[in-house]
1. Scanning for something over 12 Å from the mean Cα position of the chain (by Cα), in a strand (DSSP E or B), surrounded by 15 or more Cβ atoms within 10 Å (Cβ to Cβ) and not hydroxyl-bearing (S, T, Y), does the range 117-130 turn up at least one residue?
2. Being surrounded by 17 or more Cβ atoms within 10 Å (Cβ to Cβ) and farther than 23 Å from L121 by Cα is true for just one of P20, P30, P70. Which residue is that?
3. Collect the residues in the range 1-35 that are part of a loop (DSSP other than H, G, I, E, B) and in contact (Cβ under 8 Å) with a residue 60 or more places away in the chain, keeping them in residue-number order.
4. Mind checking which residues of the range 69-79 are assigned to a strand (DSSP E or B) and in contact with a strand residue (DSSP E or B) (Cβ under 6 Å, 6 or more places away or on another chain)?
5. Filter the range 42-60 down to residues that are among the hydroxyl-bearing types (S, T, Y), in a loop (DSSP other than H, G, I, E, B) and either surrounded by 13 or more Cβ atoms within 10 Å (Cβ to Cβ) or at pLDDT below 95 (or both), then give me how many there are.
6. Exactly one of these conditions fails for G38: (1) of a type outside the set (A, V, I, L, M, F, W, C); (2) buried (at least 19 other Cβ atoms within 10 Å of the Cβ); (3) touching a residue at least 24 places away in the same chain (Cβ under 8 Å); (4) outside any strand (DSSP E or B). Give me its number.
7. Mind checking which pairs have a first residue in the range 112-138 that is touching a residue at least 40 places away in the same chain (Cβ under 8 Å) and among the basic types (K, R) and a second that is part of a helix (DSSP H, G or I) and surrounded by 14 or more Cβ atoms within 10 Å (Cβ to Cβ), Cβ under 7 Å, 6 or more apart or different chains?
8. Go through (1) small (G, A, S); (2) at pLDDT 95 or above; (3) surrounded by fewer than 15 Cβ atoms within 10 Å (Cβ to Cβ) for G85 and report which single condition fails.
Amino acid sequence: MENVAETVAVTREITIDASPETVWAYLVEPEKLTRWMGLSAQVGSAPGEIYRCVVNPTHTAIGEIVELDPPNRFVFTWGWEEVPGREVTVAPGSSTVEITLEPRGDTTLLRLHHFDLPASLGDGHGRGWDHYLARLLVTAPGGDPGRDEWLQN
């Protein structure tokens, strides 16, 4: 694992055509979460419980829930689960994702802040969040984002 003396953050804001309660469900309910990101997921219901998302066949994010304030704020730690033969670039639980939801009329402003990422990996995680948040924009209002091309081997 690389020396993580220098860290960066990824910050994104999107406006979703759905209520905060609807968007919240797509963040914490595994069957809804996997409609826009990943193959399978486990999301605990209290601080200290597991957050685990099999993002694709080779990458599983794992951490723990830090804060749940439905439907306003969701905070969890994030890192990549160890896989034999592959270097772990972000240790499990070593970075933090903070998501806030703010009602804006009939829509929701979602703010995502993923911090404590190794500096060399900020751009890659930014591309990842751009990809998945674009899918959430379609899914949360009831649309079908189609098959995730990142799941192809």
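1. yes
2. Numbers: P30 fails: surrounded by 17 or more Cβ atoms within 10 Å (Cβ to Cβ); P70 fails: surrounded by 17 or more Cβ atoms within 10 Å (Cβ to Cβ).
So the residue among P20, P30, P70 that is surrounded by 17 or more Cβ atoms within 10 Å (Cβ to Cβ) and farther than 23 Å from L121 by Cα is P20.
3. The first filter runs over the range 1-35 and keeps only residues part of a loop (DSSP other than H, G, I, E, B), leaving 1-6, 17-19, 29.
Once the filter is applied, which keeps residues that are part of a loop (DSSP other than H, G, I, E, B) and in contact (Cβ under 8 Å) with a residue 60 or more places away in the chain, the range 1-35 yields M1, E2, V4, E6, D17, A18, S19.
4. R73, F74, V75, F76, T77, W78
5. Of the residues in the range 42-60, the ones among the hydroxyl-bearing types (S, T, Y) are 45, 51, 58, 60.
Checking the rest, the ones that are also in a loop (DSSP other than H, G, I, E, B) come to 45, 58.
When the remaining residues are screened for being either surrounded by 13 or more Cβ atoms within 10 Å (Cβ to Cβ) or at pLDDT below 95 (or both), the result is 58.
Residues that pass the stated criteria total 1.
6. (3)
7. R135/W36
8. (2)
The values are calculated or read from the model by the stated rules, or taken from the named source; none is laboratory data. Quantities reported herein were computed from a predicted structural model and do not represent experimental measurements. Neighbour counts run over all protein chains shown; Cβ positions are idealised from the backbone, glycine included.
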